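Quick one: this structure, given as structure tokens, is what I'll be asking you about.
Quick note: the coordinates plus some simple rules give every number you see, no bench work behind them. Computed from a predicted model, the values in this text were never measured in an experiment. Neighbour counts are summed over all protein chains in view; Cβ atoms, including those assigned to glycine, are modelled from backbone coordinates with ideal geometry.
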Amino acid sequence: MKTHFANRFRKSISILFLPLLIIAAFGINTPARGQEMTNAIRKALDEGLKVLQDPQYAGADQKVAQRKAMWSIVGGAFDFEDVSKMALAKNWRLFSAAEQKQFVAVFSELLGQTYIEKIQAEYNSETIAYAGEEMVAEKRGVVKTAIQRSNGPIPVDYKVRKRDNQWKIYDVMVEGVSLVKNYRTQFQKFLFNHKPAELIDTLKAKIEEGA
Amino acid sequence: MDLFDSNTYPLQARFQSVSGLKPGARIEMSGVKIGSVEAISYDTERYAALVQLRINNKISLSEDVIASIRTAGLIGEKYIKLEAGGSDVQLKPGGTIVETESALDIEELISKYMFGKV
């Protein structure tokens, strides 16, 4: 009775592990079906990573060129109008059409500058692992990734939305903390007693500071 | 339909973690209480915490509202903070808040970023 049970137990264990082995053997680098959202952003992220690792940019005087090269690739995976709208929330409507356009331009530039500089400074041959995707609402989903670091993975989730039949990123969650939310709080505070044009000028000054 | 509370409407939200959040917890917007947590359960399909909220009827929320789990003070009670969105699409009663930020597990973060290196 006991051995019979043990045998069955062993059998069911091996059945449980079989899919894991298959995933380990083939799954990681194969763009599988049902990964539409992952595939849509993965190319840009992987190519950005290649530029980051490229020895051609190893010199300190090459960092700005590298940053620009990375941003021109990775930036394409984002919908910056969406990011801007989400970050400005109801304040978006306080901006004139021309100001909205200006805001999208300076905010995206500032994001690129701020985050890519950080990545350049911190990069230590980490890789990105893709950990699946999930629909969260109609035309909205999340692509789960993890930056593989020597002292443990950092979960990074990309929120994506389908527009004009293309999946684009509108928010990034690092350790569950939202980028859009961070800026929404700050912009809300600023615009409570400042004009949209002042916010645009402030962001421009930030870019100048960092350049 | 809630027979006992006709001044509020239901919404739900999924969080990766709600650790410390309890039924009855406050829901705030700009620091003002606008609702409370009705129930918390585990969503076995999405591997996430599913929180049922009740929001004051007078408050209408757009679909891009962000819900974050926060702690009152350093060691106080957990509550949900809502940050208004800008979308023209309003959440209907029974709808789901899609943009959520989970409870930060400070202990986990400290151990990971300060002591994690081997």
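Which entries of A:90/B:81; A:118/A:162; A:139/A:168; A:63/A:118 show an alpha-carbon separation above 21 angstrom in the structure shown?
With Cα atoms farther than 21 Å apart: A:118/A:162.
Run the numbers on chain B and let me know its relative contact order in percent, using alpha-carbon pairs under 8 Å that are six or more apart.
30 percent
Further question: Given a 10 angstrom Cα cut-off, can you work out which residue in B:27, B:66, B:80 is the most mobile in a GNM of chain B?
B:66
Give the calculated FRET efficiency between residue A:154 and residue A:39 to the nearest 0.05, with a Förster radius of 22 Å applied to their Cβ-Cβ distance.
0.50
Taking the Cβ of each residue in A:162, A:85 as the centre, tally the other Cβ atoms inside 10 Å and list the residues starting with the fewest.
Ascending number of Cβ neighbours within 10 Å: A:162, A:85.
Under the rule that an exposed site lies in a DSSP loop and has at most 16 other Cβ atoms within 10 Å, name the longest stretch of chain B with no GluC sites (Glu not before Pro) of that kind, not counting the sites themselves.
The longest such stretch corresponds to B:1-44.
Here is a further query. Determine the shape class of the protein assembly as shown: with a ≥ b ≥ c the square roots of the Cα gyration tensor eigenvalues, call it rounded for a/c under 1.5, and otherwise prolate if a/b is greater than b/c, oblate otherwise.
Oblate, because a/c is 1.5 or more while a/b does not exceed b/c.
Something else now. GluC sites (Glu not before Pro), restricted to the stretch A:116-211: which are DSSP loop and have at most 11 other Cβ atoms within 10 Å?
Loop-located and lightly packed - A:138.
Using only Cα positions of the stretch A:73-159, each an equal point scatterer, no hydration layer, compute I(q)/I(0) via Debye at q = 0.13, 0.14, 0.21, 0.22 Å⁻¹ and quote the log10 values to two decimals.
-0.59, -0.67, -1.13, -1.17
Over the whole of B:61-68, what's the average partner chain Cβ count within 10 Å per residue? Rounded to a whole number, please.
4
How do A:158, A:123, B:9, A:115 line up, fewest other C-beta atoms within 10 Å first?
Sorted ascending by nearby Cβ count, the order is A:123, A:115, B:9, A:158.
Listing B:97, B:34 from the residue with the fewest other Cβ atoms within 10 Å to the one with the most, what is the order?
B:34, B:97
Which whole number of Å³ per residue matches the convex hull of the alpha-carbon atoms in the stretch A:108-169?
99 Å³
OK, next. Say a site is exposed when it is one of the trypsin sites (Lys or Arg not before Pro), sits in a DSSP loop, and has at most 16 other Cβ atoms within 10 Å; what is then the longest site-free stretch of chain B?
In short, B:59-116.
Inside 10 Å of the C-beta atoms of A:79-87, what's the mean count of C-beta atoms belonging to other chains?
1
Starting from 0.36 nm per residue, how many nanometres of slack lie between residue A:125 and residue A:53 once their C-alpha separation is accounted for?
The residue A:125-residue A:53 span can extend by a further 25.2 nm.
Would you tell me the mean number of C-beta atoms belonging to other protein chains that fall within 10 Å of each C-beta in B:79-86, as a whole number?
4
Okay, moving on. Specify whether the C-alpha gyration tensor of the stretch B:1-65 places it in the rounded, prolate or oblate class, a ≥ b ≥ c being the square roots of the eigenvalues: rounded for a/c under 1.5, otherwise prolate if a/b is larger than b/c and oblate if not.
prolate
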